[in-house]
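Step one of this worksheet: look at the structure below.
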Amino acid sequence: MPEPLILVTNDDGFYAAGIYALQQALADIGETVVVAPEAEKSAVGHAITISNPIRISELERENGFSGYAVAGTPADCVKLGIKVIVDRTPDLVVSGINRGSNVGMSVLYSGTVSAATEAVILGVPAIAISLDAWVRPDYSYAAKVARQFVRRALEKGIARGVALNINVPKTPNGEAAGFRLTRQGTSNYEERFDQRIDPRQNVYYWMDGELVSNESDPSVDDVALREGYVSVTPLHYNLTSEESFAELNSWEDFQDDAP
């Protein structure tokens, strides 16, 4: 029986520290194939490239880390990885380790999460993993968490159509208080636009912001993260609101009101 095939990707780019830590942590679990954007593609969501050619370069780093750098998005990387680069369907796609958390509404913008959901769309189980740290991130504990969940996913499986979104807290001792199964919350970034003027007197903007949450339920992703727990959220790419579907279906003569 062949060893498990794990496709490793991210949105921070081929040379990011997080993907290096991830691949090193998974290397002895199975065959790892790295397919990642050649440059950072954070917050591109589920974008795919359809108007330009997508170029691929084979690259190497240290300690056996090698793979493919793609001039495209995280979703492009997963499509090419599964359909072109590997010679058999991967047993698992793992995206990360992202620099910064992906909780609440940021899940919709995240290239890290979108890489995982693209894998699920293509019928391959997937995990996205992020570390809640921006300044001097230490990926060692998050890599251990990734290793643990990858082993369990390969052993137990993940429900079809579901990607696991895992967020690891930054804690003083480097380890979490535990694990929580969570749901996606409503936290979002309160955005600011810093207006500036370039040397040619053209106006431009830098977007900045901070995460704002009014949630207090410990079963919500960002609350669990704030309380020092690893947040594990099962995500599905079907965005249909079943509650609203039923409500709209109850409108009288709904089918006959088209203009």
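Report the local net charge at residue 28: Lys and Arg +1, Asp and Glu -1, summed over other residues whose C-beta lies under 13 Å from its C-beta. Overall, the nearby charge balance is 0. Restriction of the chymotrypsin sites (Phe, Trp or Tyr not before Pro) in region 163-259 to DSSP coil positions whose beta-carbon has at most 16 other beta-carbons within 10 angstrom yields 237, 251. The local environment of residue 207, defined by Cβ-Cβ distances under 13 Å, has a net charge of -3 under the rule Lys, Arg +1 and Asp, Glu -1. Counting only lysines at least 8 places from residue 170 when in the same chain, those with an alpha carbon closer than 27 Å to its own are 41, 144. By the count of other C-beta atoms within 10 Å, a proxy for reagent exposure, 156, 83, 144, 170 are ordered fewest to most as 156, 83, 144, 170. Under a Cβ-Cβ cut-off of 9 Å, what is the net charge of the residues other than residue 103 that fall near it, where Lys and Arg count +1 and Asp and Glu count -1? After counting each charged neighbour, the total is -3. Sorting 122, 26 by the number of Cβ atoms found within 10 Å of their own Cβ, with the fewest placed first, yields 122, 26.
The alpha carbon centroids of region 203-242 and region 1-45 are separated by 23 Å. Here region 115-211 carries DSSP beta bridges of which approximately 60% are antiparallel, counting only pairs with both residues inside. Where only DSSP H runs of four or more residues are counted, the chain gives -7000 deg cm²/dmol as its mean residue ellipticity at 222 nm, each run worth -39500 (n - 2.57). Using C-alpha pairs below 8 Å separated by at least 6 residues, the relative contact order for region 128-202 is 38 percent. Return a whole-number percent for the relative contact order of the chain, with Cα pairs under 8 Å and 6 or more residues apart as the contact set. Relative contact order here is 17 percent.
Every number here is computed from the coordinates shown, using simple stated rules; none is lab data. All figures in this text were calculated on a predicted structure; none of them were measured in a lab. Because the Cβ atoms are built from the backbone with ideal geometry, glycine has one as well, and the counts that use them run over all protein chains shown.
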